[in-house]
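Structure, as structure tokens:
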Amino acid sequence: MTATMYQQYFGLREMPFSITPDTSFVYDCTAHQEALNTLLIAVKNGEGFIKITGEVGTGKTLLCRRFLATLDETFVSAYILNPTLEPRALLLALAEELGIELPKDADQHQLLKKLALALLKFARERKAVVLCLDEAQAMPVESLEALRLLTNLETEKRKLLQVVLFGQPELDSKLAMNSVRQLRQRIAFQYKLGALRRDEIDYYVAHRMRAAGYRGGHLFTKGALASLHRATGGIPRLVNIIAHKALLLGYGAGDQEIGARYVRIAAHDTPAARHTRWWWPAAAMLLVSVFSVGWLTLH
């Protein structure tokens with residue numbers, strides 16, 4: 001309820017800093033645009049495996065959704081959020097995503113054969129099939145091998161199945177294993193997502209505020225934006241969490257401007273943030289004031 005009240009207070013149509021991936025809030029920072037371009041070039045070239053890595057909170061899932069939304073009608077796409085499945089379950093999940101009916105009691109060999117026939121049918125229809133796997137660092141090695149066998153299928157010009165692996169840096173460690181060296185050699189394109197630069201923080205915050213309906217002047221001061229970058233290291237998810245809390249603090253204090261102090265207090269309330277020295281009693285008082293205002297308004 002407090003969040004809803006600060007929407008009205010700052011003239012917002014919706015929450016500007018939700019951590020749920022939402023393509024309507026996409027900000028074209030350098031890293032994401034380069035990663036998207038890499039993905040589009042790779043799939044148009046018909047490559048087998050593509051790898052996108054990045055630290056937690058750098059926007060891999062958002063990039064994946066944006067990429068899938070960009071594909072035209074010449075592509076058939078599949079998206080699997082939970083790649084921790086063993087090989088047979090993973091193949092069944094892929095078939096379900098592609099709308100392919102498979103016998104539930106089939107063994108892995110039969111599943112691979114049926115999927116291969118379906119992929120050949122898509123190829124005859126001039127459709128390219130792209131599978132996106134999120135959180136790929138958690139994928140069992142055996143499941144990676146099953147996917148590699150599927151990507152062995154190809155026409156004279158392209159692979160019948162292209163696989164995009166989105167994962168945390170631990171994915172690189174898994175792919176460095178000797179047992180998956182055949183797959184590693186087939187990764188033709190890759191990109192490592194980085195954090196927002198200091199100059200991009202300003203545009204990122206302003207963009208999300210505008211997308212949420214804000215039509216005023218600069219709400220976050222220059223000092224607040226600098227503190228936001230220091231506290232988050234430019235990780236978009238952390239930027240969203242701390243900016244949201246800073247807005248709550250500004251609302252609770254009745255301010256029309258978000259200064260560095262609110263950002264520092266919000267950072268101290270966020271375990272993953274980079275903390276700077278701050279006077280904790282003052283932080284606690286302001287945090288309590290937000291919830292006090294919300295409680296009094298509701299009663």
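The values are calculated or read from the model by the stated rules, or taken from the named source; none is laboratory data. If you're wondering where the values come from, they're calculated on a predicted model, not measured in any experiment. A quick note on method: Cβ atoms are made from the backbone with ideal geometry, for glycine too, and the neighbour counts reach across all protein chains shown.
Being under 25 Å from ARG65 (Cβ atoms), small (Gly, Ala, Ser) and touching a residue at least 60 places away in the same chain (Cβ under 8 Å) is the requirement here; does ALA118 meet it? Answer is no for this residue.
Tell me, which helices (runs of 4 or more DSSP H) lie completely within region 169-282 with 2 or more residues that are of a type outside the set (Phe, Trp, Tyr), modelled with pLDDT of 90 or more and over 30 Å from ILE50 (Cβ atoms)? Before you say what the answer is, go through the steps one by one.
Working: elements: 170-175, 181-184, 198-211, 222-232, 236-253, 260-268.
Qualifying helices (runs of 4 or more DSSP H): 198-211, 222-232, 236-253, 260-268.
Every listed requirement among (1) part of a helix (DSSP H, G or I); (2) surrounded by 13 or more Cβ atoms within 10 Å (Cβ to Cβ) is met by LEU117 save one, (2). The residues of region 60-115 that are among the hydrophobic types (A, V, I, L, M, F, W, C), more than 22 Å from PRO21 (Cβ to Cβ) and without any contact (Cβ under 8 Å) to a residue 24 or more places away in the chain, listed by number, are ALA89, LEU92, ALA95, ILE100, LEU102, ALA106, LEU111. Being in a loop (DSSP other than H, G, I, E, B) and in contact with a Phe, Trp or Tyr (Cβ under 6 Å, 6 or more places away or on another chain) holds for only one residue in LEU12, LEU39, and it is LEU12.
Considering each of LEU161, LEU133 in turn, give the residue that is at pLDDT 85 or above, closer than 21 Å to ALA176 by Cα, of a type outside the set (Lys, Arg) and crowded, with 19+ Cβ neighbours inside 10 Å. I'd like the intermediate steps shown before the answer.
On the way: LEU161 fails: closer than 21 Å to ALA176 by Cα.
That would be LEU133, the only listed residue that is at pLDDT 85 or above, closer than 21 Å to ALA176 by Cα, of a type outside the set (Lys, Arg) and crowded, with 19+ Cβ neighbours inside 10 Å.
Residues in region 205-218 that are touching a helix residue (DSSP H, G or I) at 6+ places or on another chain (Cβ under 8 Å) and within 11 Å of ALA243 (Cα to Cα): VAL205, ARG208.
Taking region 178-222 as the range and being outside the structural domain of GLN162 (by TED's automatic domain parsing), in contact with a Leu (Cβ under 6 Å, 6 or more places away or on another chain) and farther than 20 Å from THR58 by Cα as the test, the residues that pass are ALA212, GLY213, TYR214.
When the residues of region 92-109 are filtered to those that are under 17 Å from LYS127 (Cβ atoms) and of a type outside the set (A, V, I, L, M), the one that is surrounded by the fewest Cβ atoms within 10 Å (Cβ to Cβ) is GLY99. Only one entry of PHE49, PHE67, PHE122 meets the criterion of being aromatic (Phe, Trp, Tyr) and at pLDDT 95 or above, and that entry is PHE67.
Does any residue of region 70-92 turn out to be in a strand (DSSP E or B) and aromatic (Phe, Trp, Tyr)? Yes, some residue in region 70-92 is in a strand (DSSP E or B) and aromatic (Phe, Trp, Tyr). Looking across region 141-153, the residues that are surrounded by fewer than 16 Cβ atoms within 10 Å (Cβ to Cβ) and touching a residue at least 40 places away in the same chain (Cβ under 8 Å) come down to GLU142, GLU145.
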